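Have a look at the structure below, then the notes.
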Amino acid sequence: HVLVVGGDINLSGAARLAGMAALRAGSGLVSLCVHPDNYQLVASAHAELMVSDWNSLAMMIEKASVIVIGPGLGQSKSAKELLLQLSNCGLPLVIDADALQVDFLDSVESKSVVLTPHPGEAARLLSCSTLEIQQDRLDTLTRLTERWPFVSVLKGSGSLIGESQKKVSLCHHGHAGMATAGMGDVLAGLTASYIGQGLDALQASRTAVFVHALAAEKFAEYSDANSLIASDVIDRVA
């Protein structure tokens with residue numbers, strides 16, 4: 001049971017993409033926990049997704065196997081309160097987007113955690129510039145895994161996956177058309193799905209990055225790679 005927490009006002013699409021990706025990757029149950037104002041919109045969008053709102057988070061945590069936190073979460077006071085609830089839940093976490101905050105990462109008690117920053121988010125976490133991140137991506141990944149004892153996925157051209165004291169994996173698949181809105185939400189959903197199906201955090205991250213890239217390549221076999229959108233990847237995961 002994958003739970004996706006996010007979907008602030010005007011940002012519900014990110015949570016829906018993560019949820020549909022988890023379903024397509026094989027999860028038996030996927031729930032979205034979104035801002036109360038988005039409940040009706042999201043609940044009517046995909047019949048396969050169960051939907052609750054932020055007021056029900058405590059109840060949803062009790063039902064979940066793994067949690068994605070961040071897609072469309074926003075930076076509101078309410079969003080910060082959600083992070084507080086999740087910091088000590090103990091469940092496997094995939095942390096993305098707006099949840100990639102230093103204070104939250106420092107407080108997380110779960111022993112199975114995956115961080116999925118793009119270069120801009122990595123720069124924010126490490127208090128440096130995006131240029132510095134891109135100039136030495138391997139060093140960036142090393143710094144992330146030294147700073148937090150989690151699996152880190154540094155997204156971008158040649159995504160890197162690593163964990164402290166373990167070999168780094170490089171994904172050389174994919175193409176430039178993947179640099180589009182929602183692609184990271186799909187990756188987060190895939191990663192959570194594979195964790196929920198029994199892979200450890202590192203195995204799940206490697207698998208998700210690889211499948212994500214191959215699905216994008218599959219699209220490019222029949223269409224212009226530049227026209228790729230995030231939902232195209234979901235459609236080709238199967």
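The values are calculated or read from the model by the stated rules, or taken from the named source; none is laboratory data. Everything quoted here is computed from the prediction, not taken from an experiment. Quick reminder, even Gly has a Cβ in these numbers, built from the backbone with ideal geometry, and neighbours come from all protein chains shown. Each accessible area value is taken on the protein alone, full model and side chains, heavy atoms only, with ligands, DNA and RNA left out. Shrake-Rupley method; radii C 1.70, N 1.55, O 1.52, S 1.80 Å.
Residue check, Asp37 against (1) crowded, with 24+ Cβ neighbours inside 10 Å; (2) farther than 30 Å from Gln134 by Cβ, all met but one. Which one? All conditions pass for Asp37, except number (1). Filtering the stretch 165-176 for residues that are surrounded by 15 or more Cβ atoms within 10 Å (Cβ to Cβ), in a helix (DSSP H, G or I), in contact (Cβ under 8 Å) with a residue 24 or more places away in the chain and not β-branched (Val, Ile, Thr) leaves an empty set.
Going through (1) in contact with a strand residue (DSSP E or B) (Cβ under 8 Å, 6 or more places away or on another chain); (2) surrounded by fewer than 21 Cβ atoms within 10 Å (Cβ to Cβ); (3) part of a helix (DSSP H, G or I); (4) not acidic (Asp, Glu) one by one, Thr140 falls short only on (2). In the set (1) β-branched (Val, Ile, Thr); (2) out of contact with any strand residue (DSSP E or B) (no Cβ under 6 Å at 6 or more places or on another chain); (3) open to solvent by less than 20 Å² (accessible area, probe 1.4 Å), Ile61 fails one condition alone, (3). Of the candidates Leu49, Leu115, Leu86, Leu82, the single residue that is under 30 Å from Gln135 (Cβ atoms) and either open to solvent by less than 50 Å² (accessible area, probe 1.4 Å) or out of contact with any helix residue (DSSP H, G or I) (no Cβ under 8 Å at 6 or more places or on another chain) (or both) is Leu115. The numbered conditions (1) modelled with pLDDT under 95; (2) closer than 11 Å to Gly189 by Cβ; (3) of a type in the set (A, V, I, L, M, F, W, C) are all true for Ala14 except (1). Against the test of being part of a loop (DSSP other than H, G, I, E, B), small (Gly, Ala, Ser) and on the phi < 0 side of the Ramachandran plot, the options Ala204, Ala213, Ala192, Ala181 yield a single qualifying residue, Ala181. Considering every residue within the stretch 122-130, establish whether at least one is over 22 Å from Gln197 (Cα atoms), among the polar types (S, T, N, Q), surrounded by 13 or more Cβ atoms within 10 Å (Cβ to Cβ) and in contact (Cβ under 8 Å) with a residue 12 or more places away in the chain. For the stretch 122-130, residues over 22 Å from Gln197 (Cα atoms), among the polar types (S, T, N, Q), surrounded by 13 or more Cβ atoms within 10 Å (Cβ to Cβ) and in contact (Cβ under 8 Å) with a residue 12 or more places away in the chain: absent. When the stretch 210-233 is filtered for residues that are open to solvent by 10 Å² or more (accessible area, probe 1.4 Å), within 20 Å of Val30 (Cα to Cα) and not acidic (Asp, Glu), the ones remaining, listed by number, are Val211, His212, Ser231.
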